[in-house]
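The values are calculated or read from the model by the stated rules, or taken from the named source; none is laboratory data. Computed from a predicted structure; not experimentally measured. Neighbour counts run over all protein chains shown; Cβ positions are idealised from the backbone, glycine included. Surface areas here come from the heavy atoms of the whole protein model, side chains and all, with no ligands, DNA or RNA. Shrake-Rupley method; radii C 1.70, N 1.55, O 1.52, S 1.80 Å.
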Amino acid sequence: MLMKRKIIVLFFALVAGVGLQARPLKVRVKKPGSLAALVGEKKKYTTREMVLEGALNGDDLRFLREMAGSDINQQSTPGQLRTIDLRKVTFAQGGGAYVDKEGLHRVTGGAHTLPQFLFRNCPVVHVDLPVRLDTIATGALEHTKLRRIVLPDSVFVMPYAFYEDTELEEVVFPQHVRGVAFYALGHTAVRQVVMHDVDYISAQAFAEMPAVESIEVKGYLGHIDGWQTFYACPRLKSVDFCGVVLSTGGPRLLDNCPVLERVTFHDVVFVTNVGQAEQCPAFRGYEAKATVLYSNEPDVIRPLVIGKRGEDSPAYRAALGRMLPVLKKSIRNGKMVHPFPGYFIYENYDEACRQALEGHREQALEWLDMAVVAGWYNYSHMRDDKDLESLHGDARFQALLERVREVGDFRLVLEKSAPYAANAEEWPAFTYQEPTDSNLVRVREYFNLDSIAGSGDDISRMKNIMYWLHDAIPHNGSSSWPDCDFNAIDLYELCRREGRGLNCRFLAMVLNELYLAAGIPSRFLTCMPMNYRVDTECHVINMAWSRSLNKWVWMDPSFAAFVSDENGLLLHPGEVRERLRRNQPLVLNEDANWNHKTPQTVDYYVKEYMAKNLYWLQAHLRSEYQTEGKRGANSRMIMLVPKGFLSGGGVTTDDAYFWQAPR
């Protein structure tokens, strides 16, 4: 009897002991860097489950990795930690590095970013991610033993996040995902991908997934890149986009998916660029079950509404109505989650005008708000647009107009721009090729420049050469890039041979070489708008050095234009910009024109068009024969920007340096 009692007592003791060991270790980190002290060496390598709370810095993460079986150098440790609850964790800067990857020591980033390579090569089998997490950084859960993972809402999954998690079979996506980057799920065992609302899917997001059979986006999709997005997936059979798709890239969305049969768009597609599938022998084609408004590859996906914009088509208007709630969801902090094509912005604006003309005030304001959020910047057009007159008495319209004015009243934008500031560092001087260079001698002789320029002073010679080029090669802003070397002779001969024109950049290149060959120091300038990420239209002009005036002057071959002050003194672009900022008088030559068809005025050309494009400027450090080639620039580019606008290599805020006289 006594023996039985001992056995029973021992049994319950063992059971109790097992129960104690099975309880997860709970640790609350009140001070970043204290995890090691709170856990202690005794439990460091014996803890199998842990619930963490608090802010963790680099020292904490290094200790956590060691508990989970991998040290800073990704070498194995005796750590037994396999289950980790991070739901109440944030990340703090400071502490040392926690992992070495390719010779680089990683440190923590944002408070709500799962750090880069955090659990790389850690054999963890279960991780509860922080409830508040905006980003899973590159390789954060790479090379683990995870079998299932639940992602928090509105997360962005960065490249290689779960790469080579060969036992990972299920990823539970939340209601909204901000983005999925390349190879995020590469070499996993995931068979089905089911997402809901997605802002962005990158190129190669679903690359080298050996087990995946189906991929489905149940909600809306903002944008999907089109380069090998679905790549090397040997079992992938179907891809379904069930909600509205705002845009797709191209041209190779599908590549090396041998059993893929179909890709179906079940709802409205605004614009698509997808091309033919590569190495997909079973593929039967894309199927669009609803309206496709724009397709840049109509042989692959045919738009269901034919015409320029299809304003009178009921299907077109219905499709736009389907898009409106998606556009609203795509706004974060008052901005669209990613830039859309320019015509997308115009579609929003045009629909606002149609709704206003039809007397639908609320709908018109909704669409106008979408246009402004997406990047509409044409203040004067919106201010004077008769289609929107019915909205003028509404305070909401006035508020939208004021928002546009901040980016679209271009003189005001210049007035509010930060000042320039001298640089302490030493910058190399701008240089100009001598007219005795053999290539420039050839240019001078080929064009008989002495005859074109005439025998007057340097200003008359500059004007004569510019006028001659304006007449010889028409300006065509939408022309394709010329298929020749980018020098004055080859560009001129191509235009004569094909009867074509050139855009402003190539006209300025030609004029630059003509000036250099005539012994006139010259640069061509790329003139950029402040809102350059949305407004992609810039303009390229020339600045030429006048020895008689001892200063630079503005010359624009696209419009045969030059600018002076009220006393007739020719100005350079920097001086024009400053006079615009100060609202001082500016004069445009009376014969400025576009291809001898459209006269140019100071109010439009200078105070609207160029005021927009003079926010920041870009020029080559060396001005020479064939300054740019087919493969890009031959010399360093220097950007003159207002203080604080841009930073990085080749960026200066020193206007005195940028406008230095030729040496």
Legend entry - Rounded FRET efficiency, nearest 0.05, which uses the C-beta distance separating Y604 from E389 and R0 of 30 Å: 0.85
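Given only helices, namely DSSP H runs of n ≥ 4 each adding -39500 (n - 2.57), what is the per-residue ellipticity at 222 nm of the chain, to the nearest 500 deg cm²/dmol?
Dividing the helical sum by the residues of the chain leaves -8000 deg cm²/dmol.
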Inset, instruction - Take the alpha carbon gyration tensor of the chain, find the square roots of its eigenvalues, order them as a ≥ b ≥ c, and report rounded if a/c is under 1.5; if not, report prolate when a/b exceeds b/c, else oblate. - result: prolate
Legend entry - In nm, spacing of pseudo-spin labels at W481 and R48 (7 Å Cα→C-beta vector): 6.1
Legend entry - Whole-number percent relative contact order across the chain, with pairs defined as alpha carbons under 8 Å at least 6 apart: 6
Inset, instruction - Round to the nearest 0.05 the FRET efficiency obtained for D471 and Q660 when R0 = 30 Å and r is the Cβ-Cβ distance. - result: 0.40
Inset, instruction - For K101, go through the aspartates and glutamates and keep the ones whose alpha-carbon is under 15 Å away, minus same-chain ones fewer than eight residues off. - result: D71, E142
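Against the 2.2 N^0.38 Å scaling, with N counting residues, where does segment 436-564 land? I'd like the Cα-based Rg ratio to two decimal places.
Values: Rg = 14.5 Å, N = 129, 2.2 N^0.38 = 13.9 Å.
Relative to the rule-of-thumb radius for its length, segment 436-564 sits at 1.04.
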Inset, instruction - Sequence neighbours fewer than 8 away in the same chain don't count; with that in mind, list the aspartates and glutamates whose C-alpha is under 12 Å from K416. - result: E406, E578
Inset, instruction - Could you tell me which of the pairs K289/K386; K551/K607; K30/K145; K31/K145; K31/K643 are separated by over 27 angstrom between their Cα atoms in the structure shown? - result: K289/K386; K30/K145; K31/K145; K31/K643
Inset, instruction - Give me the distance in nm between label points sitting 7 Å out from Cα along the Cα-to-Cβ direction at H381 and T77, one decimal. - result: 6.0
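So if each residue of separation counts as 0.36 nm, and I subtract the Cα-Cα distance between E167 and R496, what length gain in nm does that give?
Numbers: separation 329, 0.36 × 329 = 118.44 nm, distance 6.43 nm.
My answer for the length gained is 112.0 nm.
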Legend entry - Percent accessible area from carbon and sulfur atoms, the chain, protein chains only, probe 1.4 Å: 50
Legend entry - W594 long-range amide H proximity, modeled H, under 5 Å: Q600
Legend entry - Per residue accessible area of the chain, 1.4 Å probe, in Å²: 45
Legend entry - Distance (nanometres) between label positions extended 7 Å along Cα→Cβ at E434 and E102: 4.6
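Classify segment 40-128 as rounded, prolate or oblate from the Cα gyration tensor: take a ≥ b ≥ c as the square roots of its eigenvalues, call it rounded if a/c is under 1.5, otherwise prolate when a/b beats b/c and oblate if not.
Working: a/c = 1.61, a/b = 1.13, b/c = 1.43.
Note, shape of segment 40-128 comes out oblate.
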Inset, instruction - Would you list, by chain and number, the lysines whose Cα falls below 16 Å from the Cα of K329, excluding same-chain residues fewer than 8 positions away? - result: K218
Legend entry - FRET efficiency, 1/(1 + (r/R0)^6) with R0 30 Å, evaluated for K551 and V441 via beta carbons: 0.65
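Find the relative contact order for segment 591-640 and round it to a whole percent, using C-alpha pairs within less than 8 Å whose residues are 6+ positions apart. Show your work: numbers first, answer last.
Working: 34 pairs, mean separation 14.1, N = 50.
Once normalised by length, the contact order is 28 percent.
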Inset, instruction - Within segment 186-225, find all residues whose amide N lies under 15 Å from a label point positioned 7 Å from the Cα of R262 along Cα-to-beta-carbon. - result: 214-217
Legend entry - Fraction of beta bridges assigned by DSSP in the chain that are antiparallel (%, nearest 5): 35
